[in-house]
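The values are calculated or read from the model by the stated rules, or taken from the named source; none is laboratory data. Since we're looking at a predicted model, the values are computed, not measured. FYI the Cβ positions are ideal-geometry reconstructions off the backbone, even for glycines, and counts take in every protein chain you see.
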């Protein structure tokens, strides 16, 4: 059995510069942010978090389909893997996890 790093698996399977991070509430936990609230539309289908790569700089950033980003998300990442790691840790502290990544290329 051979193992690939997460970055290698992501690169081999995903080709899009726009990927949707599908979120879900962690069972048994309440969702929260620094103010005590999280936009529940993020895991109920009313809003979506996108990871987008700039074609000129090749840097990754985040955007919501609706609404403004939390200030902590207003940064760039050198790889999709680094962005994914940051978002995973950020939302884990808030009772949310990434359920699926949709590659908009397909």
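Descriptive notes on the structure:
- Flag if residue 56 is on the phi < 0 side of the Ramachandran plot and part of a loop (DSSP other than H, G, I, E, B): yes
- The residue pairs whose first member lies in region 94-106 and is on the phi > 0 side of the Ramachandran plot and in a loop (DSSP other than H, G, I, E, B), whose second member is modelled with pLDDT under 85 and surrounded by 15 or more Cβ atoms within 10 Å (Cβ to Cβ), and whose beta carbons are closer than 8 Å, counting only pairs six or more residues apart or on different chains, are 95/31; 95/38.
- Any hit, region 47-54, residues being surrounded by fewer than 16 Cβ atoms within 10 Å (Cβ to Cβ) and at pLDDT below 90: yes
- Residue selected from region 65-86 under the condition in contact with a strand residue (DSSP E or B) (Cβ under 6 Å, 6 or more places away or on another chain) and not in a loop (DSSP other than H, G, I, E, B), by the criterion surrounded by the fewest Cβ atoms within 10 Å (Cβ to Cβ): 73
- Matching residues in region 91-106 - criterion: being out of contact with any strand residue (DSSP E or B) (no Cβ under 7 Å at 6 or more places or on another chain) and loosely packed, with under 15 Cβ neighbours inside 10 Å: 92, 93, 105, 106
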